[in-house]
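**Q** Structure in structure tokens, see below.
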């Protein structure tokens, strides 16, 4: 009886929340388009302000660069918490890995995956992509290594210390460009004017490509550390 | 409005999984489903059928879609991934201590 009452109560709560959401949507005004406000400004002047063809990258690393710094700090906080919680094991016990064919094929494919990751990072201001997306692709390499070759291989090639150094380097690049903004332009993380080049070339758009590279290192190393911390206990139990 | 309807369905599915299920990993899945519903809604209501908001050199572009909600969604996705990883780590630790991930059967956390 008690359980039935509980379920009835929860169902009533669910229905009430659904109804409240529906009511909210009926009361909401229509979307008024881009004719006013910050979106119109960014679409009209974004290319001339920042030199970045990709307006989303312009918003992320120029207009809201300080917010992106806080975002990478959130990743750093998550990585720190996970490593702190799961930090008992010294060395991971290796899995056996997959078969010979899979290992050889991955050996051929891996440079291209890395190339694609660096391409997405470095062309963030010209085409879809950027530091976060490319960093995730780079972290995928580490994850595939752990699955296919076994975790000890990944440990030997790219040890957690190397990943920590890479993440720190990424954060320092971001902060260094921010401080250079104070010295050169008078505001933290403002776009460095002397780096601007012709629009559409690879080295253009002021400090945006460099921030992209820093964020790419940071996200890639951070996600690899998260994955690596999570698999250790599992491998010790299974093999 | 179809996107509002889909948002409500997705969001309530996530909310259902968060409240009714007792498996903690299913709760995390429900939380991520709620996030995904919000991201879907933010992207879909700002889509006015224009072009992707990336300039092409030497071409006059038509009307762009709004770039600001897309940038905000990117921020939200990254933070959602971070919180999901931290929650799953806590569940792994909980499984080590109490041997279960069912939130009604957790015992022995007092000592």
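The values are calculated or read from the model by the stated rules, or taken from the named source; none is laboratory data. Computed from a prediction, not measured in an experiment: that's the story for all the values here. With ideal geometry, Cβ positions are generated from the backbone for all residues, glycine too; neighbour counts draw on all protein chains shown.
**Q** Considering each residue of the range A:32-58, count those that are within 17 Å of residue A:204 (Cβ to Cβ), within 7 Å of chain B (Cβ to nearest Cβ) and either more than 23 Å from the chain's Cα centre (by Cα) or not in a loop (DSSP other than H, G, I, E, B) (or both), and give that number.
**A** Residues that pass the stated criteria total 4.
**Q** I'd like to know if the range A:12-31 contains one or more residues that are facing another protein chain (nearest Cβ under 10 Å) and under 30 Å from residue A:214 (Cβ atoms).
**A** no
**Q** Does residue A:55 satisfy the criteria of being closer than 17 Å to residue B:53 by Cα, at pLDDT 80 or above and touching a helix residue (DSSP H, G or I) at 6+ places or on another chain (Cβ under 6 Å)?
**A** Spelling it out, residue A:55 is indeed closer than 17 Å to residue B:53 by Cα, at pLDDT 80 or above and touching a helix residue (DSSP H, G or I) at 6+ places or on another chain (Cβ under 6 Å).
**Q** Something else now. Does residue B:11 qualify as being within 9 Å of chain A (Cβ to nearest Cβ) and either touching a helix residue (DSSP H, G or I) at 6+ places or on another chain (Cβ under 9 Å) or on the phi > 0 side of the Ramachandran plot (or both)?
**A** For residue B:11, the condition - within 9 Å of chain A (Cβ to nearest Cβ) and either touching a helix residue (DSSP H, G or I) at 6+ places or on another chain (Cβ under 9 Å) or on the phi > 0 side of the Ramachandran plot (or both) - is met.
**Q** Related question: Of everything in the range B:88-111, what is without any contact (Cβ under 8 Å) to a residue 60 or more places away in the chain, in a helix (DSSP H, G or I) and more than 8 Å from every other protein chain (Cβ to nearest Cβ)? Give them in sequence order.
**A** B:95, B:97, B:98
Yes/no matrix, rows are residues, columns are (1) part of a helix (DSSP H, G or I); (2) out of contact with any helix residue (DSSP H, G or I) (no Cβ under 7 Å at 6 or more places or on another chain):
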residue	(1), (2)
A:111	yes, yes
A:124	no, no
A:137	yes, no
A:147	yes, yes
A:163	yes, no
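**Q** Evaluate the range A:126-134: report whether one residue or more is surrounded by fewer than 13 Cβ atoms within 10 Å (Cβ to Cβ), in contact with a helix residue (DSSP H, G or I) (Cβ under 9 Å, 6 or more places away or on another chain), more than 8 Å from every other protein chain (Cβ to nearest Cβ) and modelled with pLDDT under 85.
**A** There is no residue in the range A:126-134 that is surrounded by fewer than 13 Cβ atoms within 10 Å (Cβ to Cβ), in contact with a helix residue (DSSP H, G or I) (Cβ under 9 Å, 6 or more places away or on another chain), more than 8 Å from every other protein chain (Cβ to nearest Cβ) and modelled with pLDDT under 85.
**Q** In contact (Cβ under 8 Å) with a residue 60 or more places away in the chain and closer than 15 Å to residue A:66 by Cα: which single residue out of A:200, A:178 fits that description?
**A** Step by step, each of A:200, A:178 is checked, and only A:178 is in contact (Cβ under 8 Å) with a residue 60 or more places away in the chain and closer than 15 Å to residue A:66 by Cα.
**Q** For residue A:196, only one of the following conditions fails: (1) modelled with pLDDT of 80 or more; (2) over 26 Å from residue B:92 (Cα atoms). What is its number?
**A** Among (1) modelled with pLDDT of 80 or more; (2) over 26 Å from residue B:92 (Cα atoms), residue A:196 violates only (1).
**Q** For the structure I just gave you, tell me whether residue A:82 is surrounded by fewer than 21 Cβ atoms within 10 Å (Cβ to Cβ) and either at pLDDT below 90 or farther than 27 Å from residue B:86 by Cβ (or both).
**A** Against the criterion (surrounded by fewer than 21 Cβ atoms within 10 Å (Cβ to Cβ) and either at pLDDT below 90 or farther than 27 Å from residue B:86 by Cβ (or both)), residue A:82 does not qualify.
**Q** Still on this model: Would you tally the residues in the range B:53-82 being at the interface with another protein chain (Cβ under 7 Å from one of its Cβ atoms) and in a helix (DSSP H, G or I)?
**A** Qualifying residue count, the range B:53-82: 9.
**Q** Looking at A:97, A:181, A:117, can you tell me which residue is touching a helix residue (DSSP H, G or I) at 6+ places or on another chain (Cβ under 9 Å) and not in a helix (DSSP H, G or I)?
**A** A:97 is the lone residue from the list that is touching a helix residue (DSSP H, G or I) at 6+ places or on another chain (Cβ under 9 Å) and not in a helix (DSSP H, G or I).
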